[in-house]
Amino acid sequence: MEKVLVINGPNLNMLGTRDPKVYGSESLADVEKLMSKAAFDLKVEIEFFQSNHEGEIVDRIHAAFKNIDGIVINPGAFTHYSYALMDAMGAVSIPFVEIHISNIHAREEFRHKSVLAALAIGQIAGLGIYGYELALRGLINRLRAVAR
Ligand code: CA2
């Protein structure tokens, strides 16, 4: 059974409290419920981690080395400028999918750029929290295709 880690970055613990037009009205707990269901369906083990602190996320990525088969990550605003997260993902070489609830390409210029995306299997943006489920399904599909 594959082990997948879901990482949510800064401010995503506030999901559902405001800005419903941009981020919808579901909470992070709803995201975890949705993903747990999909994980059960797919027969994968899933673990959730959220932090507002860059170094804590780097530490969690390092701890995943050799322990986790794939990562779904919404790096929040770190997406756009964190070379530390980029280097951490590069260091552990764990296949990952980057997900954004909003369509970052249709928002402010600074959100158009992701410093992680070039290392990812792929990026999903703009599909709301459903994007997390799609990210998990896409990740598992890729892991199983490679293992075959
Ligand atoms: O669209 C996404 O998923 C983002 O990663 C969300 C980040 C933003 O900085 C990225 O550019 C795009 C921000 C998450 C903040 O979430 C909140 C939700 C509700 C209330 C306050 C913050």
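All of the numbers you see were taken from the coordinates with simple rules; none came from a lab. Please read these numbers as outputs of a predicted model, since none were measured by experiment. A quick note on method: Cβ atoms are made from the backbone with ideal geometry, for glycine too, and the neighbour counts reach across all protein chains shown.
Considering only beta bridges that DSSP places wholly inside the chain, some 0 percent are antiparallel.
One decimal place: the segment Ala145-Glu54 gains 29.5 nm when fully extended, by the rule 0.36 nm per residue minus the C-alpha distance.
In this label model, Asn103 and Asp41 are separated by 2.4 nm, measuring between points 7 Å along each Cα→Cβ vector.
If you take the beta carbon distance between Ser25 and Tyr81 as r and set R0 to 25 Å, what does 1/(1 + (r/R0)^6) give as a FRET efficiency, to the nearest 0.05?
Using R0 = 25 Å, I get an efficiency of 0.35.
Pairs of alpha-carbon atoms within less than 8 angstrom and 6+ residues apart define the contacts here; what relative contact order does segment 3-147 have, in percent?
Once normalised by length, the contact order is 27 percent.
At a Cα cut-off below 19 Å, give the lysines reachable from Lys33, other chains included and same-chain residues fewer than 8 away excluded. Qualifying lysines at Cα under 19 Å: Lys3, Lys43.
Straight-line reach from Lys113: taking Cα to Cα under 28 Å and skipping same-chain neighbours fewer than 8 places apart, the lysines in range are Lys21.
Long hydrophobic helices in the chain: the complete DSSP H runs spanning 20 Å or more by Cα along their own axis with mean Kyte-Doolittle hydropathy of at least -0.5 are 28-42, 130-147.
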